[in-house]
1. Look at Ser202 and say whether it is loosely packed, with under 15 Cβ neighbours inside 10 Å and of a type in the set (Ser, Thr, Tyr).
2. Filter the range 57-82 down to the residues that are charged (D, E, K, R) and touching a strand residue (DSSP E or B) at 6+ places or on another chain (Cβ under 6 Å) and list them by number.
3. So which residues in the range 264-294 are among the small types (Gly, Ala, Ser) and modelled with pLDDT under 75, if there are any at all?
4. I'd like to check something: does the range 183-199 contain any residue that is surrounded by fewer than 17 Cβ atoms within 10 Å (Cβ to Cβ), of a type in the set (Lys, Arg) and touching a Ser or Thr at 6+ places or on another chain (Cβ under 7 Å)?
5. For Ile239, work out the one condition from (1) surrounded by fewer than 18 Cβ atoms within 10 Å (Cβ to Cβ); (2) in contact with a Leu (Cβ under 6 Å, 6 or more places away or on another chain) it doesn't fulfil.
6. For residues that are outside any helix (DSSP H, G or I) and surrounded by 12 or more Cβ atoms within 10 Å (Cβ to Cβ), scanning just the range 316-354, find the one that is modelled with the highest pLDDT.
7. Inside the range 152-168, can you point out the residues that are touching a strand residue (DSSP E or B) at 6+ places or on another chain (Cβ under 9 Å) and closer than 18 Å to Thr141 by Cα?
8. Kindly establish whether Asp197 is within 30 Å of Gln329 (Cα to Cα) and either in the same structural domain as Ser156 (by TED's automatic domain parsing) or not hydroxyl-bearing (Ser, Thr, Tyr) (or both).
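The values are calculated or read from the model by the stated rules, or taken from the named source; none is laboratory data. Bear in mind that the values here come from a model prediction, so they are computed numbers and not experimental data. Cβ coordinates were reconstructed from backbone atoms using ideal geometry, including for glycine residues, and neighbour counts include every protein chain displayed.
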Amino acid sequence: MQETSKSETPLPLSPELHAQEASMKKVQKTRSNTDATATRRLVQLNTNTPNVSYSDGYDILLLQETHATTQQIIDEFNIQFRTTTTNSSHWTQHCGIVCLNNKYRLQIISDGIDNGRYILANIQLYTTDNADNNTLLTIATILNIYGRSGIHSQRSAFYTELLSTPPILQTLTDIRSTPTIILGDFNYSYEHHLRQDGSLTSAPTEWINLLTEHYVDCFQDLKQPTWQKNSSQSILDFIFCDKNSAYRVEDPDHLHISRQWTDHALLGISFRFEDLIGRGPGAWKANPLLAKRKDVRSALANHIEVIAMEIPNLLSLSTTQQTWDWVKQEVKSFIKAFQLTDNNWRDKQLKKLQGKRNMMIRQSKNRGLYFQVLATIERQIGSLQESVAEVAALRAGKTWREKGEKDAGYLKRTVATREA
């Protein structure tokens, strides 16, 4: 990778931005779900302005070619990224990890090689009972890499040394307990450095075999050149997720960044982790009233047909249960998005109709002309208000009927009393 231009001041223009987070299609990138899963955005960056990271809604940034050679530079970066709290960022001369969402913290496992060409860290989430650091839950392990850019033998030697570092090989192969993500500027290219026997000139066979056996390229068939200089371009940046957790990866992003800032692209993914401790109030249930609407049934059927095409590929990488969980999450996200759009439309319509009615009432001289229209508007308002009340009743856990009432809490207390 080309180094960023140096100025006469002690601070570099920026860390090169390589964005690769579980930063998610922008779906629920910063919101906790009420069920056992949540989605977060992970990113890998190379550029000189933190505004890119905030505008795209990333939770975690992974950076390479940072030039963070002094404490003054590190302090400046932390001010720019607003990561002044403990364990919210970690910097080496070549790499950086930044938690932009204050729900997350870093637990550094190891860093090193040439003054920090890699950072191995756990991403931790504050649970609901966040009284102290003991309530942090590890949701993923991340290896951030900035490979050497010298001759092929030097590039390959970096990965050999990386695998010989004590915590690295064990962490990257023991992927059963915690999701593991490998990402960064690898500084080698499969299309330009591939030998006839399938090996690479810039990476050892042991490294390539590890990725092939245990990991999945999150971009797969969506690959585009991630580095460009003049007329040259190549794919040098990657995001790999372990095969056991690959079904949690969503919405890979490939974004162009101003050439004045970096010669690399911004890569991002969404990662849906499972929060085993900080659960919400319980199982999520769709609004049953939606099932009565033909437009909802038709749209949902079309959506299921689309996601069904992904199932064979998921089954090759995940268990049947994991695939089924993914399908349920996709259906849930679709219904919630549909419901949100419908609720927003209903609120706007109510406001608009109420405004029309008030205007007609004020025009008392023309009341005779407005009478029939006014009655129609009032019926429309009543229909929309009934829909709002039905949704509110469902949210309250109660259903009202014309000749009676069913209260889940009352029924539960009645059963408990009779059993006693």
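1. no
2. Hits for the range 57-82 are Asp59, Glu65.
3. Gly278, Gly280, Gly282, Ala283
4. yes
5. Result: Ile239 passes all but (1).
6. Thr319
7. Scanning the range 152-168 gives Leu162, Thr165, Pro166, Pro167, Ile168.
8. no
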